[in-house]
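The values are calculated or read from the model by the stated rules, or taken from the named source; none is laboratory data. Note that the coordinates shown come from a computational prediction; the quantities given were computed from them, not determined experimentally. Positions of Cβ are generated from backbone atoms using ideal geometry, with glycine treated the same way; all protein chains shown enter the neighbour counts.
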Amino acid sequence: MKIAIVLPTYNEQAAVSSLIPEIFGVCGKNRIDCTVIVVDDNSPDGTAETVKELQGKYKIVLISRPKKMGLGTAYIAGFKKALEIGTDLVFSMDADFSHQPRSIPDFVEASRDFDVVLGSRYVSGGGTSMCGYRLVLSRGANFIASTLLGFKAKDITTGYRCYNAKVLKTIDLDSIKTSGYSFLEEILFVCNKQKGFSIGETPIFFDTRRSGESKLGRKEIIKFFLNMLRLKINSLFQKQNN
């Protein structure tokens with residue numbers, strides 16, 4: 001089984017220096033052939049330099065971009081590279097240790113039954129250390145996405161995912177309009193509602209980041225809600241036209 005794990009980074013030097021070796025440790029113990037694809041947006045903290053040092057020990061592809069260009073475009077660049085090098089499964093994962101590498105084998109197992117597997121905080125066995133405002137925001141975003149777009153999964157906003165390569169080959173990645181966090185909902189909408197691919201969930205524990213700062217600001221939150229409305233309106237027009 002060949003997998004590729006796409007890690008978008010911006011100022012994640014401290015995290016990736018530990019995260020990448022841990023990913024390969026988990027994959028090695030479980031006999032999973034892994035390639036890590038780092039998409040770095042010109043991090044001033046030296047993230048790319050650290051990744052280059054790790055390339056001498058591990059199978060890592062580094063995509064260096066000239067500036068911050070958004071989470072969505074980072075994932076698209078990484079997904080395209082994963083398909084180019086040839087892989088069975090393509091993961092998306094945060095580079096700040098909020099997504100635990102130990103869950104990788106669970107995704108691989110679940111992918112036998114589903115086309116897209118979501119790492120879920122909100123199914124039995126899952127959990128999170130988030131509390132207060134962050135937890136309310138996460139729950140609210142999931143409720144809105146599920147209600148507007150008709151998803152049955154419990155954790156629509158999770159960024160820890162595993163896509164069968166055939167899914168990413170089938171959909172038009174360049175047609176996805178969002179570049180920020182709502183990219184996660186739009187690509188799921190395309191995969192499931194437009195193309196009919198199945199969605200499954202596996203429990204994960206979502207931890208708070210070990211270092212750095214969250215990139216989720218007020219602007220991204222507003223864009224999320226606007227994009228959910230756009231997808232809902234577009235889906236209604238498509239139904240009318242059909």
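Taken over the range 129-156, residues that are closer than 13 Å to His99 by Cβ and crowded, with 19+ Cβ neighbours inside 10 Å amount to 1. Within the range 1-30, the residues that satisfy the criterion of being among the charged types (D, E, K, R) and surrounded by fewer than 23 Cβ atoms within 10 Å (Cβ to Cβ) are Lys2, Glu22, Lys29.
In summary, Val36 fulfils each of the numbered conditions (1) touching a residue at least 60 places away in the same chain (Cβ under 8 Å); (2) farther than 21 Å from Gly180 by Cα; (3) surrounded by 21 or more Cβ atoms within 10 Å (Cβ to Cβ) with the single exception of condition (1). Against the test of being within 30 Å of Met1 (Cα to Cα), modelled with pLDDT under 75 and not polar (S, T, N, Q), the options Arg218, Arg161, Arg209 yield a single qualifying residue, Arg209. Among the candidates Ser43, Ser92, the residue that is of a type in the set (Ser, Thr, Tyr) and in contact with a Cys (Cβ under 9 Å, 6 or more places away or on another chain) is uniquely Ser92. For Arg112, the conditions (1) farther than 25 Å from Asp33 by Cβ; (2) without any contact (Cβ under 8 Å) to a residue 12 or more places away in the chain all hold with the exception of (1).
Number of residues in the range 115-148 that are more than 27 Å from Ser235 (Cα to Cα), assigned to a helix (DSSP H, G or I) and of a type in the set (Gly, Ala, Ser): the value is 1. Taking residues in the range 163-178 that are under 30 Å from Pro105 (Cβ atoms), and partners anywhere that are among the acidic types (Asp, Glu) and part of a helix (DSSP H, G or I), the pairs with Cβ atoms closer than 7 Å and at least 6 places apart or on different chains are Ile176/Glu186.
Contact annotation: residue pairs with Cβ atoms under 7 Å, 6 or more positions apart or on different chains, pairing a residue in the range 181-192 that is under 15 Å from Val90 (Cβ atoms) with a partner that is part of a helix (DSSP H, G or I) and of a type in the set (Phe, Trp, Tyr), are Phe183/Tyr75.
Could you tell me which residue of the range 42-72 is farthest from Leu173 (Cα to Cα), considering only residues that are under 16 Å from the mean Cα position of the chain (by Cα) and crowded, with 21+ Cβ neighbours inside 10 Å? By that ranking, first place goes to Leu71.
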